[in-house]
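*Asks:* My questions will all concern the structure given below.
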Amino acid sequence: MIKVKNLSHSYNKDEKYQVKNINFEVKKGEIFGFLGPSGAGKSTVQNILTGLLQLQEGEAVVADYDIKNISKEMFNKIGMSFEQSNVYSKLTAKENLDFYSKLFDVKTVDSNELLNLVGLEGKENVKAGEFSKGMKHRLTFARSMINEPELWFLDEPTTGLDPSIAADIKEIIKTKNNDGVTIFLTTHNMFIADELCDRVAFIVDGEIKLIDSPENLKLQYGEQLVEVEYIENNETKIKTFSTVFPEDKKALQTVIDQHEIKTMHTKEATLEEIFIKVTGRGLV
Ligand code: ADP
Ligand code: MG
């Protein structure tokens, strides 16, 4: 669905590159996550792939279209939701969607249906300018589905939203993917990446450090941890030990020998811990 070869980008067209020679492929039907801290180059890549930024160096094919010469037809097949909501404040929610739907040459989804899907039912006739940030985001998100895209670009789809809206948006993403939609998801939130993505690319300073599934990464990089709850001086204590490092193994043995154990279970490393291990950087 997406094929990117040696893609580089320099905003000022100088020797400083914000995207450096990256390569990846997104297969049909998968949710591919672009995971990295703020400023890593995620949105830059999404903007190049969706034609908002001109391709400078490298090659990219998006939904069978070469983005060197972007064809209008490509936009019939893709959907894009941006980090910043960009809706027309003077138009109502429904007018925003109706206006956008006219830009497509393909059949579009009924605006009311989309508004219901994102929990904006009853707000059809309210001007978008009167919407809260979360509502504007939902409207932008709804708009990105209007042409029933087969490839859907989502830039930080849940960032800054309250948890219940974020949960709704995650469910919609899962449902669309089950229906066969391929998704390119950009995020600095490792929980989202872990929960939704079939594969993730770790991106830092414009470079992809690795690409793999969250499951494989946890198997490969996640050292096994054991969390033990035990009684010491009549108090309950909780400690986590690695089952790999010798000093931790010894300390764990000591706790088992000397204290009453209440609970003990293995704990997987999180995607964030793995990210830090691989890239030397945090996700914020
Ligand atoms: P992310 O989406 O991962 O947070 P971006 O792709 O937005 O990162 O930004 C990558 C880098 O490019 C950052 O260093 C950012 O400051 C820089 N950048 C983004 N947009 C522009 C622009 N329009 N002009 C110059 N530099 C930019
Ligand atoms: Mg971004």
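The values are calculated or read from the model by the stated rules, or taken from the named source; none is laboratory data. In this text the structure is predicted, and so the values were computed from the model without any measurement. Every residue, glycine among them, receives a Cβ derived from its backbone with ideal geometry; neighbour counts consider all protein chains shown. Remember, those area values only see protein heavy atoms, side chains included, never the ligands or the DNA or RNA. Shrake-Rupley method; radii C 1.70, N 1.55, O 1.52, S 1.80 Å.
*Asks:* Just to be sure I understand the curve: with the Debye formula and one point per C-alpha of the chain, what is log10 I(q)/I(0) at q = 0.10 Å⁻¹?
*Replies:* Log10 of I(q)/I(0), two decimals: -0.62.
*Asks:* Which of the pairs Lys90/Lys174; Lys42/Lys267; Lys77/Lys176; Lys209/Lys239; Lys16/Lys209 have their Cα atoms more than 25 Å apart in this structure?
*Replies:* Lys90/Lys174; Lys42/Lys267; Lys209/Lys239
*Asks:* For helix 163-178, report the angle its Cα long axis makes with the longest principal axis of the Cα atoms of the chain; keep it between 0 and 90° and round to the nearest 10°.
*Replies:* In the chain, helix 163-178 runs at an angle near 70 degrees to the longest axis.
*Asks:* What is the distance, in nm, between label points placed 7 Å from the Cα along the Cα-to-Cβ direction at Val284 and at Val126?
*Replies:* The modelled label-to-label distance comes out at 3.3 nm.
*Asks:* I've got another one for you. Once you put a point 7 Å from the Cα of Lys16 and another 7 Å from the Cα of Asp179, both along the Cβ direction, what distance in nm separates them?
*Replies:* 4.3 nm
*Asks:* With both bridge residues required to lie in the chain, what share of the DSSP beta bridges run antiparallel, to the nearest 5%?
*Replies:* 65 percent
*Asks:* If I model a spin label as a point 7 Å beyond the Cα along the Cα-Cβ vector, how far apart are those points for Asp198 and Asn216 in nm?
*Replies:* About 1.3 nm separates the two model spin labels.
*Asks:* Moving on. Going from most exposed to least, what order do Glu124, Glu150 have by accessible area with a 1.4 Å probe?
*Replies:* In descending accessible area the options line up as Glu150, Glu124.
*Asks:* Now, a different point. Determine, from the Cβ-Cβ distance of Thr159 and Lys237 and an R0 of 30 Å, the FRET efficiency 1/(1 + (r/R0)^6), rounded to the nearest 0.05.
*Replies:* FRET efficiency, Thr159 to Lys237: 0.25.
*Asks:* Keeping the other protein chains in place, figure out the carbon and sulfur percent of the accessible area of the range 2-212, with a 1.4 Å probe.
*Replies:* Result for the range 2-212: 46 percent of the exposed heavy-atom area is carbon or sulfur.
*Asks:* Mind checking the angle between helix 246-258 and the chain's longest principal axis? C-alpha axes, 0 to 90 degrees, to the nearest 10.
*Replies:* So the inclination is approximately 60 degrees.
*Asks:* Restricting attention to the range 1-48, which chymotrypsin sites (Phe, Trp or Tyr not before Pro) occupy a DSSP loop and are surrounded by at most 14 other Cβ atoms within 10 Å?
*Replies:* The qualifying sites are Tyr11.
*Asks:* Taking all pairs of distinct Cα atoms, average 1/r, flip it, and tell me the Kirkwood hydrodynamic radius of the range 219-279 in Å to one decimal place.
*Replies:* Computed over the range 219-279, the radius equals 12.5 Å.
*Asks:* Follow-up question, since we're still on this one. Provide the FRET efficiency to the nearest 0.05 for the His259-Phe191 pair, computing r from the beta carbons and using R0 = 25 Å.
*Replies:* Efficiency for this residue pair is about 0.15.
*Asks:* Give, rounded to the nearest 20 debye, the magnitude of the charge dipole that the chain has about its Cα centre when Lys and Arg contribute +1 at Cβ and Asp and Glu contribute -1 at Cβ.
*Replies:* 720 debye
*Asks:* Taking R0 as 45 Å, what's the FRET efficiency between Glu247 and Asn23 from their Cβ-Cβ distance, rounded to 0.05?
*Replies:* 0.70
*Asks:* Same structure again: Leaving ligands, DNA and RNA out of it, work out the accessible area of Asp257 with a 1.4 Å probe and give it in Å² to the nearest 10.
*Replies:* 110 Å²
*Asks:* Now for a different question. What length, rounded to one decimal in nm, is gained on full extension from Asp110 through to Asn69, with 0.36 nm per residue of separation minus their alpha-carbon distance?
*Replies:* Taking 0.36 nm per residue and subtracting the Cα distance, the gain is 11.7 nm.
*Asks:* For the chain, what is the accessible area per residue in Å², given a 1.4 Å probe and the full set of protein chains?
*Replies:* With the other protein chains kept in place, the chain gives 51 Å² per residue.
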